[in-house]
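Shown next, in structure tokens, is the structure this report addresses.
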Amino acid sequence: MRFLRRRASDPSAGVVPRECPDCGSPKLVKEKHPFTAIHLVEDDRSVSCRYNRIQVVCKRCRFLVNDDLNGDAAQAYARLTAQVGGSQVDLTAEVAGAVRVAGRLPALPDAERQRDYDLVRKVWGCAGMHPVPADELADAMARIIRGYFAEGAFRVKVETLDEPVLMLSFATATGFRPVRLTRGQDGDFFVYGQIQLTRVLGVI
């Protein structure tokens, strides 16, 4: 099983799955919700704007299937960055560091990985563990880190948990967005997190 490939220029939005990844129901509905984008300029100064986001939810179980169908969050943050005269942050060092730490992870037995996933699945609203072939790790890390920064993250903390599991904690003006990654017995990886992750990776 591999990633659904798409060109780097393709948006990570606009996808409506055929069924709910949580309960399997095909009854999915679109909903419009207001959000506030907050871009930190400095520790004590920020700019913000209101915008609408189209989301896809399961009519049966209310699982959030796609949190930003049209990519409105990235567009709102791009406008705020332009407003303050900023430019896109160079995330090369962050990507390289995350790949380096992930490459040192020992293999985690399937049962232990499943146990870790089950601990966060409901709380985070995860839509499955997504496989990452070892030779695609750098590309996946780049998609994740750049995708989260494009939607409001301003810092990422990379740490190894005791399990051992790689934890990416993305700081935003309203909290943090977590992503976890483990190495499988065959040397490939698995990544899981909130529903934003499935959009960023293009695996909805």
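Residues satisfying the criterion are present in segment 155-169 (criterion: closer than 30 Å to Val47 by Cα, polar (S, T, N, Q), at pLDDT 95 or above and not assigned by the TED database to the domain that holds Gly14). Scanning segment 30-67 for residues that are assigned to a loop (DSSP other than H, G, I, E, B), of a type in the set (D, E, K, R) and either out of contact with any strand residue (DSSP E or B) (no Cβ under 6 Å at 6 or more places or on another chain) or free of Cβ contacts under 8 Å to residues at least 24 places away in the same chain (or both) gives Asp43, Asp44, Arg60, Arg62. The residues in segment 120-144 that are assigned to a helix (DSSP H, G or I) and not charged (D, E, K, R) can be counted, and the count is 10. Taking segment 43-73 as the range and being among the charged types (D, E, K, R) and either open to solvent by less than 80 Å² (accessible area, probe 1.4 Å) or under 13 Å from Gln196 (Cα atoms) (or both) as the test, the residues that pass are Arg53, Asp67, Asp68, Asp72. Please indicate, with yes or no, whether at least one residue in segment 181-190 is without any contact (Cβ under 8 Å) to a residue 60 or more places away in the chain and in contact with a strand residue (DSSP E or B) (Cβ under 7 Å, 6 or more places away or on another chain). Yes - at least one qualifying residue is present in segment 181-190.
Among the residues making up segment 161-186, those that are touching a Lys or Arg at 6+ places or on another chain (Cβ under 9 Å), outside any strand (DSSP E or B) and open to solvent by 20 Å² or more (accessible area, probe 1.4 Å) are Leu161, Glu163, Pro164. When segment 115-139 is filtered for residues that are without any contact (Cβ under 8 Å) to a residue 40 or more places away in the chain and surrounded by fewer than 15 Cβ atoms within 10 Å (Cβ to Cβ), the ones remaining, listed by number, are Arg115, Asp118, Leu119, Lys122, Val123, Asp135. Of the candidates Ala76, Ala142, Ala98, the single residue that is at pLDDT 95 or above, crowded, with 17+ Cβ neighbours inside 10 Å and within 23 Å of Tyr51 (Cα to Cα) is Ala76. Being β-branched (Val, Ile, Thr) and in contact with a His (Cβ under 7 Å, 6 or more places away or on another chain), is that true of even one residue in segment 54-69? No, the conditions are met nowhere in segment 54-69.
Does any residue of segment 33-43 turn out to be within 23 Å of Gly202 (Cβ to Cβ) and out of contact with any Cys (no Cβ under 7 Å at 6 or more places or on another chain)? Yes, segment 33-43 contains at least one residue that is within 23 Å of Gly202 (Cβ to Cβ) and out of contact with any Cys (no Cβ under 7 Å at 6 or more places or on another chain).
Filtering Val84, Val41 for residues that are aliphatic (A, V, I, L, M) and outside the structural domain of Arg18 (by the TED database) leaves a single hit, Val84.
The values are calculated or read from the model by the stated rules, or taken from the named source; none is laboratory data. Since this is a predicted model, take the numbers as computed values, not measurements. Cβ: placed from backbone, ideal geometry, glycine included. Neighbour counts: every protein chain shown. Each accessible area value is taken on the protein alone, full model and side chains, heavy atoms only, with ligands, DNA and RNA left out. Shrake-Rupley method; radii C 1.70, N 1.55, O 1.52, S 1.80 Å.
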